[in-house]
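Written below as structure tokens is the structure these notes are about.
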Amino acid sequence: MDMKDFIDFCKRGNPVSGEDKELHGLLTQCSFEAQKITMALNTSYHSKEEIVEIFSELTGNKVDSSFMCFPPFYTDFGKNITIGKNVFFNTGCSFQDRGGIRIGDGSMIGMNVTIATLNHGLSVETRNTTYPSPVVIGENVWIGSSATILPGVTIGDKSVVAAGAVVTKDVPENTIVAGVPAKIIKKIDNYSK
């Protein structure tokens, strides 16, 4: 299997066992490439245009010129992130994206937000196997600082995740969630503020 086939394998949601030397080797290679790219991003100044180019290289997809990120940014895979138009990442975000992260147009990701897309098996026999579940963030979503989004979660359009929340379940559109685990606080009407 070559790297392109491996990335496609991961994008299809397949688990990877630590016992599978070929897959684990490709995973390690992909992770080191993501580290190399993010280290270059995080250790010197870059213009907005350069950051867009770096994210295009990191994700393997053309990122829209409206994208903005304040480094540092961290990821362990890089090739399974899809970023819409007018998306903003504040400083310190950390994405575990092998399971897939899709971020809709106009969404804002606060400082130190973690998005995870992998779980390990619970039994000792499967504990070194990672099982992917994608995270989908709708359009015009605001995720507050230090929130954590867990595998398999979908956040509906125009919703708000409060700072520090741990989101373990889907969030309906036009909804504010907060807490650990995150719970619905209220629906959002068309507020002017």
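Quick notes
- Complete set of residues in region 94-128 that are over 19 Å from Ile7 (Cβ atoms) and hydroxyl-bearing (Ser, Thr, Tyr): Ser94, Ser107, Thr114, Ser123, Thr126
- The set of residues from region 94-111 being open to solvent by 40 Å² or more (accessible area, probe 1.4 Å) and under 12 Å from the mean Cα position of the chain (by Cα) comprises Ser94, Gln96, Arg102.
- Subset of region 107-156 [in a strand (DSSP E or B) and without any contact (Cβ under 8 Å) to a residue 12 or more places away in the chain]: His120
- Here region 1-26 is the region considered, the condition is being in contact with a Gly (Cβ under 9 Å, 6 or more places away or on another chain) and under 19 Å from Pro134 (Cβ atoms), and the residue that is most open to solvent (accessible area, probe 1.4 Å) is Lys11.
- Output for region 131-144, where each listed residue is closer than 17 Å to Gln96 by Cα and surrounded by fewer than 21 Cβ atoms within 10 Å (Cβ to Cβ): Tyr131, Ser133, Pro134, Val136
- Residues within region 71-130 that are in contact with a strand residue (DSSP E or B) (Cβ under 9 Å, 6 or more places away or on another chain) and of a type in the set (Asp, Glu), tallied: 2
- The test for being out of contact with any Ser or Thr (no Cβ under 6 Å at 6 or more places or on another chain), in a helix (DSSP H, G or I) and touching a residue at least 24 places away in the same chain (Cβ under 8 Å) holds for Ser31.
- Count of region 27-52 residues which are within 22 Å of Thr117 (Cα to Cα) and open to solvent by less than 40 Å² (accessible area, probe 1.4 Å): 6
- For Asn61, the conditions (1) surrounded by 15 or more Cβ atoms within 10 Å (Cβ to Cβ); (2) assigned to a loop (DSSP other than H, G, I, E, B); (3) not β-branched (Val, Ile, Thr) all hold with the exception of (1).
- Any hit, region 84-93, residues being surrounded by fewer than 17 Cβ atoms within 10 Å (Cβ to Cβ), among the β-branched types (Val, Ile, Thr) and over 13 Å from Ala147 (Cβ atoms): yes
The values are calculated or read from the model by the stated rules, or taken from the named source; none is laboratory data. All values reported here derive from a predicted model rather than from experimental measurement. Note that each Cβ is placed from the backbone with ideal geometry, even for glycine, and that neighbours are counted across all protein chains shown. Note: accessible area is taken over every heavy atom of the protein model, side chains too, but ligands, DNA and RNA are not part of it. Shrake-Rupley method; radii C 1.70, N 1.55, O 1.52, S 1.80 Å.
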